[in-house]
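Notes to accompany the following structure.
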Amino acid sequence: MQSGTFHTTYASDVSLRPYWPQRIRIVIVLALALIFPWFADRYWLNLANTIAIAAIGAIGLNILVGYTGQISIGHGGFLAVGAYTAGMMAVHLGAPMWITIPVASLFTAAVGAFFGLPSLRLKGLYLAIATLASQEIIIWVLTHGKLLGIGESLSLPRASNNLFGLPLDRLGNNDFAFYWVCLVALILTVIFVSNLFRTRAGRAFVAIRDQDIAAQVIGVDLFRYKLLAFATSSFFAGLAGALTAHYRGIISWERFTIDTSILFLAMIIIGGLGSVSGSIYGAAFMTLLPAFLSNLARALSDVVPNINSYLPYMQQGAFGLAIILFLIFEPEGIVKMWRNIKDYFRLWPFSY
Amino acid sequence: MTHRDSVTLPAPQMEIDHIGLSFGGVRALLSVTFNIYPGTIQAIIGPNGAGKTSLLNCISGLYRPQQGQIRFEGRNIIGMPPHQIARLGIARSFQNIELFRHMTVVDNLMLGRHIHMRSGIFSGGLYWGRAQREEVEHRAFVEQVIDLLEIQSIRKKMVGALSYGLQKRVELGRALAMNPRLLLLDEPMAGMNTEEKEDMARFILDINEEYGTTIVLIEHDMGVVMDISDRVAVLEFGQLIAYGTPAEVRSDPKVIDAYLGREHAMPRM
Ligand SMILES: Nc1ncnc2c1ncn2[C@@H]1O[C@H](COP(=O)(O)OP(=O)(O)OP(=O)(O)O)[C@@H](O)[C@H]1O
Ligand SMILES: [Mg+2]
């Protein structure tokens, strides 16, 4: 049983994973992640990759919405910027993914900072509408940007899936190869963002969310940090978008409409606002739910012949229902449920 | 200020010079002028709505007065954004506690160190070199504040879950963690019981003595004000009606009028 945790130095107290039960948990999760692809078929690998990419995007959105308190319904637009930047570099410049992905992420960060400018004046719902407008502008540019050489959809050359000279298909099939890319990207994202929120800049973000006037009065430059939050958030949106582009090999703007923005918002609300692990749970939930439903439909198709034609409606309905149930019963998301379960067992058998 | 004053007193740390502030038709401050001297404890008193909080808001850059200047160590700070004023060494607490409720006590105090730290997104996210060193270094400073305010046992608690009195103390701690040269406290003892008030008064005196911090304090409790302040400024309807030592102010007929001529006489004596 784990009682209180005591630290003997400030150095150990400020370190990220300070006590051993957490370390063990991390080792177990990592081990499972390393074993998984050797046993999973391409269907499950595809799901895992989708979850990992969605989790990166959701962590990015959570930086802005959950941690900094700036509501955005334009996240899909930033995913599109990342995907198209990587895609155009691969198509027009023949650049490999180890160059396109970081460049696309940085470029998306800059675009995000620009579209974050209204946050200096607007709050809450008004800001949400402004972010919606930025998404519409981005999609408009993508669909009308023939001058910029942007087609409505892009097919990336296979050869661009290349890591430092190693063609990815050497590793195995596309799903298996990208599993490793997505896993590494997700792990780096989790480490970076967790670090961020226990140091100066991350704390300033949270301060802006909790009390922006007090934040200013203790010396936080609101202008600078709001734009930084937009930039950092968009960086990870760009990363997720660029990974999607290379993984799918083909991108079109329809993948990045407002539906996507709302899907990502749903992920962080269901997973837990202001939580890195919550973002992952939310991404997993929102990816597995439709997969589960279509499996269910397939299993029932003998009994209910027409069920497949209802599937899209069932999926939409299930999304809506899930969000509403979470808002009513566990507004703090899956991460809170998980914490409750852990607390239950930690206190067990004295759980009252 | 008379000639004799300028001989006996040190150079003021802050000069509040003919400050005028109005909101539409409401005139919150009318040509308010007085000095704040380094290393002293100065109180601002006055009935509800007199303009005390508005004056602090002008100093910390939240309100922009239409008239006058506020000079801090010789430099006019009117028009500077709040975060730059904070960097000059001016810290404050709020009348209605304004803490970062979803953070721990330690994190709230670490935010007080924000202006003294440098690491940004990259070094923070990578947690290499400077960011890591800084965290440990400034945590040590924060622990000193925690010891001074005797809040060791709650350092890892979420601020939102603390009692009102403790929250007030943590807010003082956050301002103190900034290591300010001028500390503005807006009713730090309001709503406290006698014991909590005594603790708070002791902390204020300790801070003033140990760090030499200048303290400006708004307070309704006259007993406390008269006990701990070196000078008192009295505001009424946005005007400065008296300014001087506690003894001078107490015997000033205008002050007596202001308090006795009203419904709420000297509040909570
Ligand atoms: N943001 C604002 N907008 C409009 N009027 C304001 C604003 N802030 C203060 N006032 C007005 O200015 C006057 C002075 O208010 P202030 O809060 O400074 O008084 P106070 O002396 O701090 O009172 P209290 O003892 O109740 O805290 C009041 O009439 C108030 O209504
Ligand atoms: Mg007030």
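Tabulated results
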{"read-out": "Yes/no for B:Arg27 being within 14 Å of another protein chain (Cβ to nearest Cβ) and either modelled with pLDDT under 95 or away from ligand 1 (no atom under 14 Å from the Cβ) (or both)", "value": "no"}
{"read-out": "Given (1) within 14 Å of chain A (Cβ to nearest Cβ); (2) away from ligand 1 (no atom under 16 Å from the Cβ), number of the condition B:Leu184 does not satisfy", "value": "(2)"}
{"read-out": "Among residues of segment B:180-220, those that are within 16 Å of the chain's Cα centre (by Cα) and within 16 Å of ligand 2 (Cβ to nearest atom), counted", "value": "12"}
{"read-out": "Out of A:Leu125, A:Leu61, A:Leu132, sole residue that is surrounded by 22 or more Cβ atoms within 10 Å (Cβ to Cβ), touching a residue at least 24 places away in the same chain (Cβ under 8 Å) and either out of contact with any Pro (no Cβ under 7 Å at 6 or more places or on another chain) or within 26 Å of A:Ile280 (Cβ to Cβ) (or both)", "value": "A:Leu61"}
{"read-out": "Listing of helices (runs of 4 or more DSSP H) fully contained in segment B:38-124 that carry 3 or more residues being buried (at least 18 other Cβ atoms within 10 Å of the Cβ) and more than 16 Å from ligand 1 (Cβ to nearest atom)", "value": "B:82-87, B:105-112"}
{"read-out": "Subset of segment A:241-254 [in a helix (DSSP H, G or I) and either touching a His at 6+ places or on another chain (Cβ under 9 Å) or farther than 21 Å from A:Leu171 by Cα (or both)]", "value": "A:Gly241, A:Trp253, A:Glu254"}
{"read-out": "Single match in B:Asn96, B:Asn76 (criterion: among the polar types (S, T, N, Q), more than 10 Å from chain A (Cβ to nearest Cβ) and under 29 Å from B:Leu162 (Cα atoms))", "value": "B:Asn96"}
{"read-out": "Selection count, segment A:262-299, where residues are within 14 Å of A:Ile59 (Cβ to Cβ) and without any contact (Cβ under 8 Å) to a residue 24 or more places away in the chain", "value": "0"}
{"read-out": "Within segment A:194-224, considering residues that are of a type in the set (Val, Ile, Thr) and farther than 15 Å from B:Gln132 by Cα, the one farthest from the other protein chains (Cβ to nearest Cβ)", "value": "A:Ile208"}
{"read-out": "Single unsatisfied condition, B:Val32 versus (1) more than 16 Å from ligand 2 (Cβ to nearest atom); (2) more than 14 Å from chain A (Cβ to nearest Cβ)", "value": "(1)"}
{"read-out": "Of all residues making up segment B:159-175, the number that are of a type in the set (A, V, I, L, M, F, W, C) and within 11 Å of chain A (Cβ to nearest Cβ)", "value": "2"}
{"read-out": "Candidates B:Ile36, B:Ile19, B:Ile85, B:Ile45, filtered to the one that is free of Cβ contacts under 8 Å to residues at least 60 places away in the same chain and in contact with a strand residue (DSSP E or B) (Cβ under 6 Å, 6 or more places away or on another chain)", "value": "B:Ile19"}
{"read-out": "Selection count, segment B:99-121, where residues are more than 7 Å from every other protein chain (Cβ to nearest Cβ) and of a type in the set (Val, Ile, Thr)", "value": "3"}
{"read-out": "Residue, modelled with the lowest pLDDT, within segment A:154-211, restricted to residues that are among the small types (Gly, Ala, Ser) and not in a helix (DSSP H, G or I)", "value": "A:Gly165"}
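The values are calculated or read from the model by the stated rules, or taken from the named source; none is laboratory data. Note that the coordinates shown come from a computational prediction; the quantities given were computed from them, not determined experimentally. Please note: Cβ atoms are built from the backbone with ideal geometry, for glycine as well, and neighbour counts cover all protein chains shown.
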